[in-house]
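Values in this text are rule-based calculations from the coordinates and carry no lab data. A quick note: this is a predicted structure, and the numbers were derived from the prediction, not measured. Don't worry about glycine lacking a Cβ; one is built from the backbone with ideal geometry, like all the others, and counts go over all protein chains shown.
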Amino acid sequence: MSDLLQQQIEYYRARAPEYDEWFYRLGRYDRGEAHTRQWEQEVQQIRDLLHSQSGFDHILEMAPGTGIWTSELIRIGERVTALDASPEMIAINRAKLGSDQVDYHQTDLFAWQPQRQVDMVFFGFWLSHVPAQKLAAFLGMVRAALKPGGRLFIVDSRRPDLVTAHTVSEDLGEDLQKRVLKDGRRFDIVKIYYEPSALSETLRRHGFDIEVQTTENFFLYADGQRAS
């Protein structure tokens, strides 16, 4: 397991320069105007929900990547602590935002422990990369980081992305995928596609008042709070 998680870190370090192409449906991720328009509409649906609350003093973002969601979080919170294992992702995020509201920390998210509680925890496209055998400990750490009644917001992939045929992603079974970068390098990573009802039950069992929902095609999301 440690070798797989290290390979996953190396994958995201190597993928950092091309990560935004996936989110913005560019290059090999471009499936045409209609696909991109639907993707953008569903992204906006998530943004609107995220912005339905604001005025948070301190937000913790786990695996912030290139800053796609960090840029939204600094609009609803005074300070954001951003934790990522990839220095390359952090560098892109920092350069893109140029914000003194964000404190960046390079760290292994499976080893990190909170030193204080925050008003909100957010992670985008990260929960699906947490191995099943580490999920309970990870959610326990998230709960410990969040104040009672604090907000938890999650967004992730609903199902295998339709662009996988173009990007040579291969399902290996047992919650694993093989990913191939533009330069041909290949990595095995964890990728779990959750059913909303099952994930809702899991989150509630670990101390969150929350319900997982989906957009029409692409995304799974949840907006709730730590139970008292």
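Numbers for the structure displayed
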| read-out | value |
| --- | --- |
| Dipole magnitude (debye, nearest 20) for segment 2-226, charges at Cβ of Lys, Arg, Asp, Glu | 200 |
| Contact order relative to length of the chain, as percent, for alpha carbon pairs under 8 angstrom and 6 or more apart | 20 |
| Residues K96 and R186, FRET efficiency given R0 of 25 Å [Cβ-Cβ distance, rounded to 0.05] | 0.35 |
| Efficiency of FRET between R13 and T214 - r from beta-carbon atoms, R0 30 angstrom, step 0.05 | 0.50 |
| Cα-based helix-to-principal-axis angle, 87-97 vs the chain, degrees rounded to 10 | 70 |
| Prolate/oblate/rounded call for segment 1-150, Cα gyration tensor, a/c under 1.5 rounded | oblate |
| Potential lengthening between K134 and F110 on full extension [0.36 nm per residue; Cα-Cα distance subtracted] | 7.8 nm |
| Cα centroid separation - segment 107-143 against segment 26-79, whole Å | 19 |
| Karplus-derived HN-Hα couplings along segment 106-112 (A = 6.51, B = -1.76, C = 1.60, θ = phi - 60°), whole Hz, x at Gly and Pro | 7, 7, 7, 5, 8, 10, 5 |
| Simple spin-label estimate for R204 and D103 in nanometres, 7 Å along Cα-Cβ | 3.5 |
| Using alpha-carbon coordinates, inclination of helix 2-15 to the longest axis of the chain, degrees | 70 |
| Cut-off 15 Å between beta-carbons: net charge of the residues surrounding A34, Lys and Arg +1, Asp and Glu -1 | -2 |
| Extension gain (nm, one decimal) between H51 and D3, 0.36 nm per residue minus Cα-Cα | 13.5 nm |
| Acute angle (nearest 10 degrees) that the helix 196-205 long axis makes with the longest principal axis of the chain, alpha-carbon atoms | 30 |
| Cut-off 18 Å, label 7 Å out along Cα→Cβ of E40, residues of segment 188-221 by amide N | 216-219 |
| Order by protection proxy (mean Cβ within 10 Å, highest first), peptides 53-64, 116-127 | 116-127, 53-64 |
